[in-house]
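Comments concern the structure below.
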Amino acid sequence: MKTQTLTATFLMLAASNMISFGQTSFLEKSVSNDGPPASNCISETEYKALEERCVHTIKALGLPLSNAKSIQTTSLAWPLRAAAGLNDCSFYAINAYVDHDATTGLSDWNCGTNTYDGHRGTDIGIAPYSFLKMDNNLVEVIAAAAGTIIDRADGNFDKNCASNTLTANSISLQHADGSVTHYWHMKKNSVTSKQVGESVAVGEYLGVVGSSGSSSGPHLHFEVWAGSTNTTRQDPYSGSCNLLNSNSWWASQKPYREPNISKASVNITDVVVPGCPNTETSNEDSVFSIPFQGPGLAPGYAKFYVFYRNETSGMIATMNILNPDNTVFNSWTRTSTTNYNNSYYGFSKVLPTLPGLYTFKAEYNGLFCEQQFTITTPVGINSLSSNSNFTIYPNPGNGRFTLNVSDKYLTGDTRLEIRNILGEIVFSKTITKAENSISIEPKAGIYFTYLINQGQILGTQKLIVN
Ligand SMILES: [Zn+2]
């Protein structure tokens, strides 16, 4: 797992019918790429013991025992699902497929290298916020096909961060055709209360994704055997570099990579991702009271985060902040330059100041992910609306503002007045051009701006200094 942080700035151009000033905003970028575990999810010793237990139990239960690859009649459903309460646009990404290269090289079923040496299963990671998801039981392991429980373990420590010889919390199922599926690394005390010998239906709850056993973070190690032994191991994916079997075991095989935005969020400050085994802090919010000051952010700004699954070089993401009437408040794009399994980026953007229900919407690879948020203002000061004749920003601000005025009013007889809440003039100036040196002293408070042309008030706006 690695993290890097970069900082850059860019200019957002003002609308073309106004004097253009560069409005400085901030783009802060964070990347996280959850790589594969450092070594085998199941050790050789564990494989041997598992195989012995499975054979013993299969015999004891009078189930079919096969050292050969049986005739496959089982088709597999996806072994994970979102628990009630998880509303992310997606919640998993493949960290490592089965390795088909007998040497120290790497080759997955699609002839790529999304695997690690000797890996015998499919590692499905959960993202973003894998430990937060684990702590809150948000991603469940479910039976990929109907079957009988032939092996079960629970009660083992579940926040491992590296390969080890510890025991995982796990379930193994035998299916009607004699094939076996294994579900590894589950959360402590989350494994189904059903015992060895009991039946489960396809899609039935087996446990919660965790990091028990030899694991470097919360994920499911999902492994398929055609028969009762490790030598009958299969790769459930059909592809030209799958050397174990030509058929797909999936009822509906997913693409090799599935690029999308897995989550879009609005945050009071940056996310905190401390690394395994610590729980992440999302710092998300869905209600922002104006004036807003987020920790470490410019006044009036929030962080808008996008989390990618399978970010792919060359693809472009489009982000929009939409007004309550679905018109665009702000829009920007980001071009991907690197492939990642999981990555995320935070953008500092000014919040709207008018009350209402807004939407942060991110689009990537033709798929949308969005998050709604509410802007509220203190009671009694939201009666003054914005006016298209002029813009004063940033609002809320720190006491220094820039004014843009429509060209038609830059006639030499236009004046900006700013009055405090008692009606006293605190700033007054004739405006002949866009003005970027408006300063209000003393600072904090609520003010009212008036743009006056030839004695007529062209518009008023509420201005907040915080
Ligand atoms: Zn694995």
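The values are calculated or read from the model by the stated rules, or taken from the named source; none is laboratory data. Not measured: the values here are computed from a predicted model. Cβ atoms come from the backbone with ideal geometry, glycine included; neighbour counts cover every protein chain shown.
Things worth noting here:
- Within the set Lys303, Lys263, the sole residue that is farther than 21 Å from Leu86 by Cβ, at pLDDT 95 or above and of a type in the set (D, E, K, R) turns out to be Lys303.
- Of all residue pairs spaced 6 or more apart or on separate chains, those with beta-carbon atoms under 8 Å, a first member in the range 156-170 that is part of a loop (DSSP other than H, G, I, E, B) and a second member that is among the basic types (Lys, Arg) are Asn156/Lys188; Phe157/Lys188; Asp158/Lys187; Asp158/Lys188; Asn169/Lys187; Asn169/Lys188.
- The requirement of being outside the structural domain of Ala127 (by TED's automatic domain parsing), at pLDDT 95 or above, away from the ligand (no atom under 16 Å from the Cβ) and outside any loop (DSSP other than H, G, I, E, B) is fulfilled somewhere in the range 236-257, by at least one residue.
- Restricting the range 217-233 to residues that are within 15 Å of the ligand (Cβ to nearest atom) and surrounded by 24 or more Cβ atoms within 10 Å (Cβ to Cβ), the residue that is farthest from Asn137 (Cα to Cα): Trp225
- One residue alone among Tyr129, Tyr92 is of a type outside the set (A, V, I, L, M, F, W, C), on the phi > 0 side of the Ramachandran plot and surrounded by 22 or more Cβ atoms within 10 Å (Cβ to Cβ), and that residue is Tyr129.
- Residues located in the range 78-102, provided they are away from the ligand (no atom under 16 Å from the Cβ) and either modelled with pLDDT under 95 or within 22 Å of Gly210 (Cβ to Cβ) (or both): Trp78, Arg81, Ala82, Ala83, Ala84, Gly85, Leu86, Asn87, Asp88, Ser90, Phe91, Ala102
- Matching residues in the range 65-89 - criterion: being over 26 Å from the mean Cα position of the chain (by Cα), hydrophobic (A, V, I, L, M, F, W, C) and crowded, with 17+ Cβ neighbours inside 10 Å: Leu76
- Each residue in the range 83-129 was checked for being farther than 16 Å from Glu311 by Cβ and in a strand (DSSP E or B), and 5 of them qualify.
- Test result for Gly203, on the phi > 0 side of the Ramachandran plot, modelled with pLDDT under 95 and assigned to a loop (DSSP other than H, G, I, E, B): no
- Filtering the range 197-208 to residues that are touching a helix residue (DSSP H, G or I) at 6+ places or on another chain (Cβ under 6 Å) and of a type in the set (A, V, I, L, M, F, W, C) leaves nothing.
- Qualifying residue in the range 139-152 (condition: buried (at least 17 other Cβ atoms within 10 Å of the Cβ), in a loop (DSSP other than H, G, I, E, B), at pLDDT 95 or above and not small (Gly, Ala, Ser)): no
- Residue check, Ser107 within 23 Å of Gly213 (Cβ to Cβ), in contact (Cβ under 8 Å) with a residue 60 or more places away in the chain and either surrounded by fewer than 20 Cβ atoms within 10 Å (Cβ to Cβ) or polar (S, T, N, Q) (or both): no
- Of note, Tyr358 does not satisfy the criterion of being under 20 Å from the mean Cα position of the chain (by Cα), modelled with pLDDT under 95 and either assigned to a loop (DSSP other than H, G, I, E, B) or farther than 30 Å from Thr115 by Cα (or both).
- Yes/no for Ser75 being at pLDDT 90 or above, away from the ligand (no atom under 16 Å from the Cβ) and over 30 Å from Gly296 (Cα atoms): yes
- Condition broken by Gly217, with the remaining ones in (1) out of contact with any helix residue (DSSP H, G or I) (no Cβ under 7 Å at 6 or more places or on another chain); (2) in contact (Cβ under 8 Å) with a residue 24 or more places away in the chain; (3) part of a loop (DSSP other than H, G, I, E, B); (4) of a type outside the set (Phe, Trp, Tyr) satisfied: (1)
- Selection over the range 398-409 of residues that are touching a residue at least 40 places away in the same chain (Cβ under 8 Å) and either in a loop (DSSP other than H, G, I, E, B) or farther than 30 Å from Gly296 by Cβ (or both) gives a count of 6.
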